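Data first, discussion second: the structure below is written as structure tokens.
The values are calculated or read from the model by the stated rules, or taken from the named source; none is laboratory data. Since this is a predicted model, take the numbers as computed values, not measurements. Please note: Cβ atoms are built from the backbone with ideal geometry, for glycine as well, and neighbour counts cover all protein chains shown.
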Amino acid sequence: MANSENQYLLLTPGPLTTTRTVREAMLQDWCTWDDDYNVDVVQQIRQQLVEIATSHSGYTSVLMQGSGTASVEATLGSVIPADGKLLVINNGAYGARIAQIAQVLNIPHQNWDLGEISQPDLNVLDQRLRDDSDITHVAMVHCETTTGMLNPVESVAQRVKAAGKVMILDAMSSFGGIPMDIGALGIDFLISSANKCIQGVPGFGFVIARSALLAGCQGRARSVSLDLYDQWQCMEVNHGKWRFTSPTHTVRAFAQALTELAQEGGVSARHQRYHTNQTMLVAGMQKLGFSCLLDEALHSPIITSFYSPESPSYNFKRFYDRLKARGFVIYPGKVSDADCFRIGNIGDVHPVDIERLLKAIADSMYWTTEAAETGVQA
Ligand SMILES: *Cc1c(COP(=O)(O)O)cnc(C)c1O
């Protein structure tokens, strides 16, 4: 198996486990302005991203240096005009981060804080859009990686578009792993990054945008390096050139990751694998006595939050270390009012890996019995 040369599997939703061939794509240095790098690689990536996102015309894509948050910040800061107002649908840490960005950039906004385990009520959404006619843009996270919640993007986008607002979707942890046609849904800006479901390595994010809307964003940016319009123009005019030093190795790895996504059978095949991983994981964990934070109906195939065991001798770090020694890295919880840990199943992770993981977890439950305590070597 390609991932077996890693010391351990990252069951973390980015950076995640990549294939050896993706990592090998980084074994050469590239010149940022040479045709080998620009024309053949960056432009193809931009084109492929649009094709993955939608079958509709009128969309373009922009790559942006930095982690995924930089692309969220570039979008909010470059797209919302000075007299605009943003409604943030916030049901987790990444929704809260969108509100924080709006706050710091002085973008007028309404932070609709739903807590972390519930979804937006569509009637309340309609009401909010009616009550505050200053709202021009609405932002939401697709898969809230905080909990693993999959937000109802179809129905929310439908209400937002019916109200005539611009829809911005943080699909960071879902794009490439969950089928979706943003043109059909009416989403105007979608943001994701290299190191999530496309299974590349970290270093840049990207935005898939309705071209006509992005074209109207000249001069709006609240930052030089995060000017989405300028970056787009540079890439359009100069055949894929980034304005400032581009993450060349990451870009080459990403091109390879896109090839491997196509070889796997595209987004629907990848989604199927993630879904199988996730349902196997939940069934196996429940058998071991763990329970999920969210109702199963709210789960995404990306990451799952489990309640920490209630035993007084349970300690996350110790559990984590035991699993790591057995070849698996899991994720601490991020929910504010529940004690949880999280297990991601995106990346080069397959059902056989989940089987091995469940065995490793069974072997690492030191808190359950004295026998497990003495019988297992950490
Ligand atoms: C990973 C992620 C981000 C961006 O995180 P970075 O650490 O900046 O790459 C944003 N939103 C969601 C939903 C995410 O999962």
TODO: Please work out if A325 is more than 24 Å from V267 (Cα to Cα) and among the aliphatic types (A, V, I, L, M).
DONE: yes
Open item on the list: With within 11 Å of the chain's Cα centre (by Cα), in a loop (DSSP other than H, G, I, E, B), on the phi > 0 side of the Ramachandran plot and in the same structural domain as Q47 (by the TED database) as the only criterion, which of G164, G176 stands out?
Closed with: G176
Open item on the list: Any residue at all in segment 53-65 that's part of a helix (DSSP H, G or I) and surrounded by 17 or more Cβ atoms within 10 Å (Cβ to Cβ)?
Closed with: yes
Open item on the list: Among the listed residues S155, S118, identify the single one that is part of a loop (DSSP other than H, G, I, E, B), of a type outside the set (D, E, K, R) and in the same structural domain as A70 (by the TED database).
Closed with: S118
Open item on the list: So, in segment 147-189, how many residues would count as being free of Cβ contacts under 8 Å to residues at least 60 places away in the same chain, touching a helix residue (DSSP H, G or I) at 6+ places or on another chain (Cβ under 7 Å) and within 12 Å of the ligand (Cβ to nearest atom)?
Closed with: 1
Task: So P179, is it under 19 Å from H56 (Cα atoms) and out of contact with any strand residue (DSSP E or B) (no Cβ under 7 Å at 6 or more places or on another chain) - done: yes
TODO: Residue by residue through segment 190-223, note down the ones that are away from the ligand (no atom under 16 Å from the Cβ) and either of a type in the set (V, I, T) or part of a strand (DSSP E or B) (or both).
DONE: A209, R210
Open item on the list: Checking the structure you have, find out if any residue of segment 23-41 is surrounded by 15 or more Cβ atoms within 10 Å (Cβ to Cβ), at negative phi, within 19 Å of the chain's Cα centre (by Cα) and at pLDDT 95 or above.
Closed with: no
Open item on the list: Which of the numbered conditions does G77 fail, given that it passes all the others? Conditions: (1) within 11 Å of the ligand (Cβ to nearest atom); (2) in contact with a Lys or Arg (Cβ under 6 Å, 6 or more places away or on another chain).
Closed with: (1)
Open item on the list: outside any strand (DSSP E or B), charged (D, E, K, R), assigned by the TED database to the domain that holds A102 and under 19 Å from A255 (Cβ atoms): which single residue out of D40, D83 fits that description?
Closed with: D40
Task: Members of segment 105-124 found to be more than 22 Å from T75 (Cα to Cα) and of a type in the set (A, V, I, L, M, F, W, C), listed by number - done: L114, I117, L122, V124
- [ ] Check whether at least one residue in segment 230-239 is under 25 Å from V138 (Cβ atoms), in contact with a strand residue (DSSP E or B) (Cβ under 7 Å, 6 or more places away or on another chain) and not aromatic (F, W, Y), and report yes or no.
- [x] yes
